[in-house]
Structure formats: structure tokens, C-alpha cells
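**Student:** The structure that follows is given in the form of C-alpha cells.
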Amino acid sequence: VFDEVCDTTGVTLKRFMSEVAMLNPELDEIKVLFGAIETACKAITNLVKRSQLPSSETLGFQGNINVQGEQQKKLDVITNNLLKRALRFTGRLGVLASEEEDAPVSIPGAPYSAGATKDVLIDAGTRYCAVFDPLDGSSNVDAGIPTGTIIGIYEFDETCEIDFSSLGSEDSEDQEALCLANTLQPGNNLVAAAYCLYSSSTFLVLTLGAGTFGFTLDENLGEFVLSHPNIKIPEESAIYSFNEANFNYWDEPLKATVRNWKAGTGASGKQFSSRYIGSMVGDVHRTLMYGGVFGYPGDEKNPNGKLRLVYEGAPMSFIVEQAGGISTTGTERVMDLIPELVHERTPVFMGSRNDVQEIIDGYAAWQQ
Ligand code: P6P
């Protein structure tokens, strides 16, 4: 479906999306969303790069604690508002969920205009639900370490089969409850996912369900251009990417696998290296490019690990799977998980097929 465009490196993201939409009319509306996402990411990369300048007012803390219990940084708030606004102006969004929002935000259904009224939440213009982490790894900005934006797009499903009573609303016609339900869809329902990595270059990597494509921001043009058509993650590697300070709290199967990798006695017989920058988007991008396994395991202190399922685990798993990798909790495919809470966390291991399979096999043997 993308053959005609996927080998035309240098094509701009706008042109790529137009070609794809011509070949796949059902994706025409997604093109509108990616126009907004592209603009937001260009604005965010500028904010991140300029945040260190004495003239910038964007460093430091906002002065409050977010729903995650974390000190909210000014850039978290600025990038969250920027992305919300960009997506609202498409007039295609029914609801959005963000790491920086206590609860999902339903959006007046009428295409964004002064006339939009709160009670018209879901109308013909409502096409999608967006979930995102506006600036993942934001605590790294002050040290100049790469950060990223993570986005997942679902079709808005007015028949969401979620148990409304669990959402605190007996009335399944309650549009707010329907909006919340739409942010709790399993990763399998994603129609698109993307991340933007703010690093040595600004990379926008996306999938629409038929491969994973990487674009690099050409700052001379002010355009994202196709630089990595049809990314395929190496089937195996010799890199693992975990916060090993938690090693003593991991469960036995994972400890055994990582000990083998360190000793060169794992399935591939290779001596592994450890690479970890504490910023998911950067660690996952390196994993896509070089192969390996990025993971945030559950442990004794945090059985579900640290990463959030809805707007980190699921979208990144979609991108990795579409690049030929796999993504698991150790025992379940991440894309199969049905969230119960919008901020719930999940253990995650994603990357090269053979290496992640070794982790899965370790857990399977342990359970027998
Ligand atoms: P730790 C950043 O805060 C983040 O959410 C991810 O980007 C990153 O992978 C992880 O947390 C790092 O967590 O506990 O290793 O510092």
C-alpha cells in the first residue's frame, strides 16, 4: 500500500501523507491530524533547543505536582497545551488523554469554533481519540539529554464496549463516559502512532499500520523529509537497555537472562553491551536503528514498572511491531492489554525479535 511512496526518500511528510491518503481514502482524515502533529513537533523542538538560553523562560518547575505525583516542569505544561491546541484545531478529535492531564479531556464536537458548545461532544466531525505524552523524559532537558513526544491515535468508537459503571456513570449515553471509554482502548485498536525525538536531529517516526517510517526535520526547509523508509529492526543484536540499578529487585527469569547476556552465554552466544539514557523515546529509537531490547521491568517496588500503558507502552509497541520487532510484558503482548485506568503502568520489553523472545522464553520456563 505504501510501495509507491516508501522508497522516495526526501519526500516531505506532507507529500507522503497526501500520497498515502490518495492511495487509501480512509486515511484522509488522519492526514489532517498529522498536519497538526507535525506543526506541534516543530514548535516543541524549538522550545526544547532554546530552553537553555538565558532569554528563555521555559526552564525549571511549574510549581505543582501532576497526576503522576511528579514535579511538573514548565516545559511539560507548555508542550501539553501546545499539542492539545494543535489537535483541537483539526476539528476531528472527540477526546484526548495526556500524561499531563488528570483525566481525559473531551472536546466540543463541532469543528473548533466560537460556536462550539460543551454539550455537543460527539457529532459528525468527531473522528478520533488521541493519547500522548507531550514531552517524555522532560527531566533530562536541563542536562541536554534527548527527549521526545509520543502519540497514539484511535478511531472514536461511539459503541465503546466498556463497562460504563466502572467509569462512574450508569448512563451509557453519557458522552463524557463515552469519551473516557475511548481512551481505554487496547493498543490493537490504534490506527496510527508516532514519536518525535528531539536529539542530534529531530526525528518523526510513525506507523499507519503498514510499516514504520522515519522522517528527519530539515531545518533549512522547515520540513520533515523521509529519511528512513520502511524501518526494519535487526532480528537480533547485542544491546540491552534497562535501568540496571533496579537489578536486585527484578524477578529471577529476567535476572537469569541478563546474567547470560553479560556472560555471553545467552541464546545468541553474544557478549551484550548496555546502553541506557533514561529517556524512552531515545532508547527506543536507538533500539529501532541498532537492534536490542529496551525495557522497564516490573520489580518488587513497582510490580507494573514505571511506563504508562496508554500513551507510552501501546503507541511505542505499535511502532516497534510494525518495524518487525516484538513488545511484551514478559508474559503478554502489550498491544493486547485493555487498560482499566488511563494512567495505569505496565512492564514492557520491546525490540529485536530474537532477543525479546529470549525474555519471553525465560518467563515461560519459570511459570512451568
Ligand atoms: P528511570 C522518563 O522519566 C521516563 O518516563 C522514560 O522516558 C524513561 O524510559 C524512564 O522514565 C526512565 O526511568 O527510573 O530509569 O529514571
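The values are calculated or read from the model by the stated rules, or taken from the named source; none is laboratory data. Bear in mind the structure is a predicted one, so any value in this text is a computation, not a measurement. All Cβ positions, glycine included, derive from the backbone under ideal geometry; neighbour counts span all protein chains shown. Each accessible area value is taken on the protein alone, full model and side chains, heavy atoms only, with ligands, DNA and RNA left out. Shrake-Rupley method; radii C 1.70, N 1.55, O 1.52, S 1.80 Å.
**Student:** Just to confirm, what accessible area per residue do you get for the chain at 1.4 Å probe, in whole Å²? Let's see the in-between values first.
**Tutor:** On the way: 15130 Å² over 368 residues.
Per-residue value: 41 Å².
**Student:** Give me the percent of DSSP beta bridges within the chain that run antiparallel, rounded to the nearest 5. Don't skip to the end; give the middle numbers.
**Tutor:** Details: 45 of 54 bridges.
Rounded to the nearest five, the antiparallel share is 85 percent.
**Student:** Pull up all non-local amide H partners of SER273: gap of 5 or more, or a different chain, and H-to-H distance under 5 Å with H placed in the peptide plane.
**Tutor:** ILE239, TYR240
**Student:** What is the local net charge at PHE247, summed over the other residues whose Cβ is closer than 14 Å to its Cβ (Lys, Arg +1; Asp, Glu -1)? List each step's numbers first, then the result.
**Tutor:** On the way: positive: LYS255, ARG259, LYS262, LYS301; negative: GLU244, ASP251, GLU252, ASP299, GLU300.
Computed value for this residue: -1.
**Student:** Right, another one. Carbon and sulfur together cover what percent of the accessible area of the chain at a 1.4 Å probe radius? Kindly include the intermediate steps, with their values, before the conclusion.
**Tutor:** Values: 7490 of 15130 Å².
Taking all protein chains in place, the chain shows 49 percent carbon and sulfur surface.
**Student:** Also: Please count, across the chain, the pairs of lysine residues with Cα atoms under 16 Å apart that sit 8 or more places apart or on different chains. If you can, show how the numbers build up before the last one.
**Tutor:** Values: LYS14/LYS31; LYS14/LYS42; LYS42/LYS84; LYS49/LYS73; LYS49/LYS74; LYS74/LYS84; LYS255/LYS301; LYS262/LYS270.
Summing the qualifying lysine pairs gives 8.
**Student:** Another question, then. Relative to the present Cα-Cα distance, how much length would full extension add between ALA143 and LYS301 at 0.36 nm per residue of separation? Let's see the in-between values first.
**Tutor:** Working: separation 158, 0.36 × 158 = 56.88 nm, distance 2.70 nm.
Net length gain for the segment: 54.2 nm.
**Student:** For the residue pair ARG85 and GLU158, what label-to-label distance in nm results when each label sits 7 Å from Cα along the Cα-to-beta-carbon direction?
**Tutor:** 3.1 nm
**Student:** Okay, moving on. For the stretch 355-368, in order, what is each residue's ³J(HN,Hα) by Karplus, 6.51 cos²θ - 1.76 cosθ + 1.60 with θ = phi - 60°, in whole Hz (x at glycine and Pro)?
**Tutor:** For the stretch 355-368, the Karplus-derived couplings read 6, 5, 4, 5, 5, 4, 4, x, 5, 4, 5, 5, 7, 6 Hz, x marking Gly and Pro.
**Student:** Moving on. Can you give me the long-range amide H partners of THR202? Hydrogens built in the peptide plane at 1.01 Å from N, cutoff under 5 Å, separation of 5 or more residues or another chain.
**Tutor:** Answer set, sorted by chain and number: LEU217.
**Student:** How far is helix 280-290 tilted off the main Cα axis of the chain, in degrees rounded to 10, range 0 to 90?
**Tutor:** 60 degrees
**Student:** Now for a different question. Compute, for the stretch 216-368, the length of the dipole vector about the Cα centre, with Cβ point charges of +1 (Lys, Arg) and -1 (Asp, Glu) only. Units Debye, rounded to 20.
**Tutor:** Roughly 360 debye for the stretch 216-368.
**Student:** Another question about this same structure. Can you tally the net charge around HIS343? Count Lys and Arg as +1, Asp and Glu as -1, for every other residue whose Cβ sits under 10 Å from the Cβ of HIS343.
**Tutor:** On the way: positive: ARG308, ARG345; negative: GLU99, GLU101, ASP102, GLU344.
Value of the local net charge: -2.
**Student:** Follow-up. With θ taken as phi - 60° and the coefficients 6.51, -1.76 and 1.60, list the Karplus ³J(HN,Hα) couplings across the stretch 322-339 in order, rounded to whole Hz; mark glycine and proline as x.
**Tutor:** Per residue, the Karplus-derived 3J(HN,Hα) values read 5, 9, x, x, 9, 9, 9, 8, x, 10, 9, 5, 4, 5, 7, 5, 9, x Hz.
**Student:** May I pose another question? Can you give the Rg to Rh ratio of the chain, both from alpha-carbon atoms, with Rh computed by the Kirkwood formula?
**Tutor:** 0.96
**Student:** If you take every DSSP beta bridge fully contained in the stretch 214-368, what fraction is antiparallel? Give it as a percent rounded to 5. Provide the component values of the computation, followed by the final result.
**Tutor:** Details: 14 of 18 bridges.
Around 80 percent antiparallel, to the nearest 5.
**Student:** Take each of the peptides 287-297, 134-144, average the number of other beta-carbon atoms within 10 Å over its residues, and list them starting from the highest. Each step should come with its number before you reach the end.
**Tutor:** Numbers: 287-297: 24.5, 134-144: 19.9.
Per-residue mean Cβ counts within 10 Å order the peptides as 287-297, 134-144.
**Student:** Hey, for a label at LYS270 modelled as a point 7 Å past Cα toward Cβ, could you say which residues of the stretch 344-359 have their backbone N under 11 Å away?
**Tutor:** Taking a point 7 Å out along Cα→Cβ of LYS270, the residues of the stretch 344-359 whose backbone N falls under 11 Å are 352-356.
**Student:** Still on this structure, please answer the following. Of all the Cα-Cα pairs you can form in the stretch 205-345, what percent are over 23 Å apart? All intermediate terms of the calculation are to be shown ahead of the outcome.
**Tutor:** Working: 3874 of 9870 pairs.
Result for the distance tail: 39 percent.
**Student:** Amide H neighbours of ARG345 under 5 Å, at least 5 residues apart or on other chains, H built in the peptide plane: list them.
**Tutor:** LEU309
**Student:** Grab the Cα-Cα distance for SER55 and ALA256, subtract it from 0.36 nm times how many residues apart they are, and report the gain in nm with one decimal. Don't skip to the answer; put the middle values down first.
**Tutor:** Details: separation 201, 0.36 × 201 = 72.36 nm, distance 5.03 nm.
This chain segment gains 67.3 nm when fully extended.
**Student:** To continue, here is another question. Starting from the Cα of MET289, step 7 Å along the direction of its Cβ; do the same at GLU219; then give the gap between the two resulting points in nm.
**Tutor:** 1.6 nm
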